[in-house]
Amino acid sequence: MLSNLIPHIYKIFKSWLPILLLAISPAAYSQIIEQEVIEIIELIPAKKPYFALKTNLLFDAITVLNVEVEVPIKQRWSIAAEWIFPWWLHDKYKPNKKPSRLEILCGTLEARYWFGNREDRPLLTGWFVGLFSSAGLYDVQWKAKGHQGEFFLSAGASAGYAHKISKRHKNLSMEYSVSFGHFRSHYRKYEAFYFDDYKWHPIRQSNGRFHWTGPVKAKVSLVWMLNFKSKKGGRL
């Protein structure tokens, strides 16, 4: 009989314990409340960064469409993949206006290392350095004269800084970076002429090679961090 009453007595004692502690010792009562709040927070699914979507606003301003995906690897490393894809032609069928075009397909892979105390910083923010490699093709024409490269390569190092835009917009960041390296390309120099089929056709003028070592890219990027809910509980 007594064994059946013990669980009920324990429940009554546990429910009245905070009130007794509040009367006897307010400090002990506050510690119990704080512990209960921590336990509740730990039960809430934590949001952890899954990957970031980016676009370079400097390229967007000159109609060079681009998108980048960056995936954090633990606290200090990340892998980024960028795709640049402007593809437009202006005045192709007008005989009295020489055409212009901007056609670029370029892919870049980059590995980054993030500095600083990573425990106190959100992922993908702060100072970083990286190593990158790019490849692609292009056709750039202005007023019927242009350069066409079937394949180009670029590789080097990058450095930059990223920060959250505001506390209110926790998923949005800005990133500033500059890349240095070597760029090389084989190209064809051409001029477009208007023919009887009512179209402009590029006529090759010469072939050449282009090599450059120095700054190869500057970025002012808008970053949107996408999160997922972790199965483990934790602090938000």
Of the residues in the stretch 192-218, those that are among the aliphatic types (A, V, I, L, M) and closer than 22 Å to Ser134 by Cβ come to Val216, Ala218
Cβ pairs under 8 Å, 6+ apart or interchain, first in the stretch 66-91 and closer than 17 Å to Asn56 by Cα and without any contact (Cβ under 8 Å) to a residue 12 or more places away in the chain, second assigned to a strand (DSSP E or B) and not charged (D, E, K, R), ordered by first then second residue, are none
Of (1) crowded, with 18+ Cβ neighbours inside 10 Å; (2) closer than 25 Å to Leu123 by Cα, Ser166 fails just (1)
Residue hits (the stretch 99-122; surrounded by fewer than 19 Cβ atoms within 10 Å (Cβ to Cβ) and among the acidic types (Asp, Glu)) are Glu103, Glu119, Asp120
How many residues of the stretch 123-149 are among the β-branched types (Val, Ile, Thr), out of contact with any Leu (no Cβ under 7 Å at 6 or more places or on another chain) and surrounded by fewer than 19 Cβ atoms within 10 Å (Cβ to Cβ)? The answer is 1
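Only the coordinates and a few stated rules stand behind these numbers; no lab work does. In this text, all values refer to a predicted model and were calculated from it rather than measured experimentally. Note that we place each Cβ from the backbone using ideal geometry, even for glycine, and neighbour counts take in every protein chain shown.
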